[in-house]
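The next block holds one structure in the form of structure tokens; read it before the comments.
The values are calculated or read from the model by the stated rules, or taken from the named source; none is laboratory data. Remember, predicted model here, so these are calculated numbers, not experimental data. Counting neighbours? That spans all protein chains shown, and the Cβs are built from the backbone with ideal geometry, glycine included. Accessible surface areas use protein heavy atoms only, side chains included; no ligands, DNA or RNA. Shrake-Rupley method; radii C 1.70, N 1.55, O 1.52, S 1.80 Å.
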Amino acid sequence: MRTGAEVLAARHFDLLRGKRVGLITNHTARIDTMHLIDRLMAEPEVHLVALFAPEHGLRGTAAAGEEIRDGRDVRTGLPVYSLYGATRKPTPEMLADLDVLVFDIQDVGARCYTYISTMGLAMQAAAEAGIPFVVLDRPNPLGGELISGFVLEPAQTSFVGLYPIPLVYGLTIGELAQLIRGEQLLPGLEHLELIVVPMEGWQRAMQWPDTQLPWRSPSPNLPSFEAALAYPGTVFFEAVDGSEGRGTDAPFLQVGTRWANARALADTLNAHQLPGVRFEPVSFVPQPRPGAPHPRYEGERLQGVRLRITDRRQFRPVVTGIYLLHAFYHQAPPAYRETFIQRPAWLARLAGTERLYALLKAGASPEAIVAAWEADLRAFQQQRQPYLLY
């Protein structure tokens, strides 16, 4: 298969010839062994004049939430404008000398991953500037069939959830751009000239390993496809009195707290026989690492479970995350249960709704929580249909 960037390169970047180009990108935008930036700089008829960096920076090494500053790319000398600092949307001044704005970043297929918010705000800016917006499509690592989680409610709109879509939405980045414009999920896009360069050879059932592309960590704490696959479920642990595994060798593949009974948790979770995963008791100590310089509970020994994904096609990350939350919540000693959900507002932002916390507190079963989003998913399944490219 070929990514959108590879397809456009094979066409000698015909869409961009004779144009002044701004590129929203990071380290993941590779064409074979070269970065897209270098390929564009080598094209005599393409004038790459500005770069734009999302969360984690142009090189993808900054920690989650770390402010990215404007600067210059040491390799090309081009200006690099931060879209994760003083502004998260390109300003008119940044776009003043551009004929076209191009987006090429590897996404992970989860609503709370900020690259898709960066894309939407940049689409708005391009529309306001009256210039085309080109998306070079890339695979959704989770595949194009899995849809799961609550649909975001308007009250929970934020940079980790800008659109009323499920937590796992089963679209490529190009398909999502078409949905955002077509369904007016952001204002001001009705006149945007959106051009998506589709991939060749990608099919909806393909997960990342099926593409045979090398895994380049889209951010420091997703070092493997398995971590990215688990992420939409274990990301909920960012909101609890515990750890999502940052600062260890298995971020988002292990979760723990100071008080957990690891063996009992593993037994409880394995008894549910969730598809594609088993749980092992684990003990770990978060320590500073690249991309996690100050992990939560640094230096403290935590107890919990590690996910062993046994069948990636059967594994359901968000469903698994609900069972994990439920198991920890109900094992918590009385002194800890009230404060286990340490940041309820952040859990609502990640889940897209306050209903998750309300259902947990009300004693709802994991099955009942999962059932609560099914009707919305059926509606989304229909809504996305006109925008599918594959």
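Some observations on this one:
- Compactness relative to 2.2 N^0.38 Å, alpha carbon Rg of segment 166-238: 1.35
- Summarising the amide proton neighbourhood of LEU78: residues at separation of 5 or more, or on other chains, whose placed amide H is nearer than 5 Å comprise ASP73.
- Taking the protein heavy atoms of segment 101-193 in the context of the full set of protein chains, the accessible area attributed to carbon and sulfur is 51 percent at 1.4 Å.
- Alpha-carbon centroid distance for the pair segment 280-342 / segment 192-228, whole angstrom: 26 Å
- Phi to ³J(HN,Hα) by Karplus 6.51 cos²θ - 1.76 cosθ + 1.60 over segment 140-155, Hz, x for Gly, Pro: 7, x, 7, x, x, 10, 6, 10, 7, x, 5, 6, 4, 8, x, 5
- Taking the accessible area of segment 38-78, probe 1.4 Å, and keeping the other protein chains in place, the carbon and sulfur fraction comes to 45%.
- Peptide packing for 346-357, 288-299 was compared via the average number of neighbouring C-beta atoms within 10 Å per residue; ordered from the highest value, the list is 346-357, 288-299.
- The HN-Hα couplings worked out from phi for segment 305-321 by the Karplus form 6.51 cos²θ - 1.76 cosθ + 1.60 (θ = phi - 60°) are 9, 10, 8, 10, 7, 9, 8, 5, 6, 8, 4, 10, x, 5, 4, 4, x Hz, whole numbers, x standing for Gly and Pro.
- Cα gyration tensor, segment 212-331 - rounded (a/c under 1.5), prolate or oblate: oblate
- Shape category assigned to segment 119-167 from the gyration tensor of Cα positions, a/c cut at 1.5: oblate
- R0 of 56 Å, Cβ-Cβ distance HIS330-VAL74: FRET efficiency to nearest 0.05: 0.60
- The separation of segment 351-385 from segment 26-75, counted between C-alpha centres, amounts to 38 Å.
- Accessible surface computed residue by residue for segment 179-294, with neighbouring protein chains in place and a 1.4 Å probe, gives 39 Å² per residue.
- The phi torsions of segment 162-176, fed into the Karplus equation with coefficients 6.51, -1.76 and 1.60 and a -60° offset, translate into couplings of 9, 10, x, 10, x, 4, 10, 10, x, 10, 6, 4, x, 5, 4 Hz, rounded to whole numbers, with Gly and Pro shown as x.
- Accessible area per residue, Å², segment 1-139 with all protein chains present, probe 1.4 Å: 36 Å²
- Residue-count net charge about PRO139 - beta-carbon cut-off 10 Å; Lys, Arg +1, Asp, Glu -1: -2
- The residues of segment 322-390 present an accessible area of 49 Å² per residue when probed at 1.4 Å with all protein chains retained.
- A simple spin-label model places the labels of SER283 and ARG337 2.7 nm from each other, with each point 7 Å out along Cα-to-Cβ.
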